[in-house]
């Protein structure tokens, strides 16, 4: 699955991929909410109280993303070698979001 970030900052899903995730957590001990980006949907420790091994309640696949850059849109991809950060690299640029989405969807298909 690919996450497309629209010009307004909204997320949309498209395609079929896997490798980088934004995980959403809520601590059962103190109620703290946080997100963390990882190469898998893994447990994390609460940054507020230190509770350990908290599983994400939601995850967004973010191997490929589309971002607005200047007057156009760029497709960024996290390489298979990414470990501690997505290390996004620009793989294509387009004048419109529609063209970027079409590129991502055709690359995924």
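A short reminder: the numbers here are calculations on the coordinates, not readings from a lab. These figures come from a predicted structure and were not determined experimentally.
Using 0.36 nm times the number of residues separating residue 80 and residue 45, minus their current alpha carbon distance, what extension gain do you get?
On the way: separation 35, 0.36 × 35 = 12.60 nm, distance 2.52 nm.
Length gained, residue 80 through residue 45: 10.1 nm.
Need the full-extension length gain, residue 106 to residue 69, defined as separation in residues times 0.36 nm minus the C-alpha distance. One decimal, nm.
On the way: separation 37, 0.36 × 37 = 13.32 nm, distance 2.13 nm.
Separation in residues times 0.36 nm, less the Cα-Cα distance, equals 11.2 nm.
Label segment 68-109 by shape, choosing from rounded, prolate and oblate, from the square roots a ≥ b ≥ c of the eigenvalues of the Cα gyration tensor; if a/c is under 1.5 it is rounded, and otherwise prolate applies when a/b is larger than b/c, oblate when it is not.
Working: a/c = 3.64, a/b = 1.53, b/c = 2.38.
Oblate, since a/c reaches 1.5 and b/c is not below a/b.
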